[in-house]
1. Can you confirm whether region 6-15 contains a residue that is at pLDDT below 85, out of contact with any strand residue (DSSP E or B) (no Cβ under 6 Å at 6 or more places or on another chain) and surrounded by fewer than 21 Cβ atoms within 10 Å (Cβ to Cβ)?
2. Got a number for residues in region 57-71 being surrounded by fewer than 23 Cβ atoms within 10 Å (Cβ to Cβ) and under 10 Å from the mean Cα position of the chain (by Cα)?
3. What's the total number of residues in region 72-85 that are farther than 11 Å from Leu116 by Cα and surrounded by fewer than 18 Cβ atoms within 10 Å (Cβ to Cβ)?
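The values are calculated or read from the model by the stated rules, or taken from the named source; none is laboratory data. Everything quoted here is computed from the prediction, not taken from an experiment. Here the Cβ positions follow ideal geometry from the backbone for every residue, glycine too, while neighbour counts run over all protein chains shown.
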Amino acid sequence: MWWRHPGDGTVTGGTLALSADGVVPGSSAVQAAAGASLDLSGKAGGYAVHATQTTQGGGSIVGSLGIGGGATVAPGSSPGTLKVTGDFSFDADGNYHWQVLAAAPGGARQVGGWDLLSAAVIVLTASLAALPLIRRSRFGTRCR
C-alpha cells in the first residue's frame, strides 16, 4: 500500500496495514490514535521513519520502527502511551518529543503524568553518555 495523503494521516480506529513495498512519503506526521493500530509487520526489517516525519499517538505500531536522523517519535496524546510491538531503534540525530503534565504517575488525568513509548526491544544507536534522560546504575541502564 502506498500512502498518498499529502498532509498528516491519522489511523482513528481499526488497523491500517502497510504492505512490504509500502511507504508513507507525503505525510509530515502519521498518528495511531488510542485504540487504533498502524501495522508495519509486512515490512522486512521494520519501517524507517523519514527525516522531517513524525510518528505519534496513543495507539499501537505493529512491527518494528526506526527513528533516523531528523525524524521524530511523539508518543501519547496528552498524556498517553505509544506501543511498538517489535523493535524500536533510535539514531543519534532522531527526536523524541513527549509531554510531562505531572511529575508523578497518576497526576494529570489519572493515567500517568507523562507520555510514554513502550516497545519490545529498544535499540539506542547513540552514545548513552550523550542522552541526558538515560542513567546507568548497578542494576543496568534505565530512563530517569
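1. Just the residues of region 6-15 that are at pLDDT below 85, to begin with: 6-10.
Then drop every residue that is not out of contact with any strand residue (DSSP E or B) (no Cβ under 6 Å at 6 or more places or on another chain), which leaves 6-7.
Remaining after also requiring surrounded by fewer than 21 Cβ atoms within 10 Å (Cβ to Cβ): 6-7.
Yes, region 6-15 contains at least one residue that is at pLDDT below 85, out of contact with any strand residue (DSSP E or B) (no Cβ under 6 Å at 6 or more places or on another chain) and surrounded by fewer than 21 Cβ atoms within 10 Å (Cβ to Cβ).
2. Taking region 57-71 as the starting set, the residues that turn out to be surrounded by fewer than 23 Cβ atoms within 10 Å (Cβ to Cβ) are 58, 60, 62-63, 66, 68-71.
Checking which are under 10 Å from the mean Cα position of the chain (by Cα) leaves us with 58, 60, 66.
Counting residues in region 57-71 that are surrounded by fewer than 23 Cβ atoms within 10 Å (Cβ to Cβ) and under 10 Å from the mean Cα position of the chain (by Cα) gives 3.
3. 0
Listed here are the residues, each with its yes/no results for (1) among the β-branched types (Val, Ile, Thr); (2) in a loop (DSSP other than H, G, I, E, B); (3) free of Cβ contacts under 8 Å to residues at least 24 places away in the same chain.
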site	(1), (2), (3)
Gly35	no, yes, no
Lys43	no, yes, no
Ala48	no, no, yes
Thr55	yes, no, no
Pro75	no, no, no
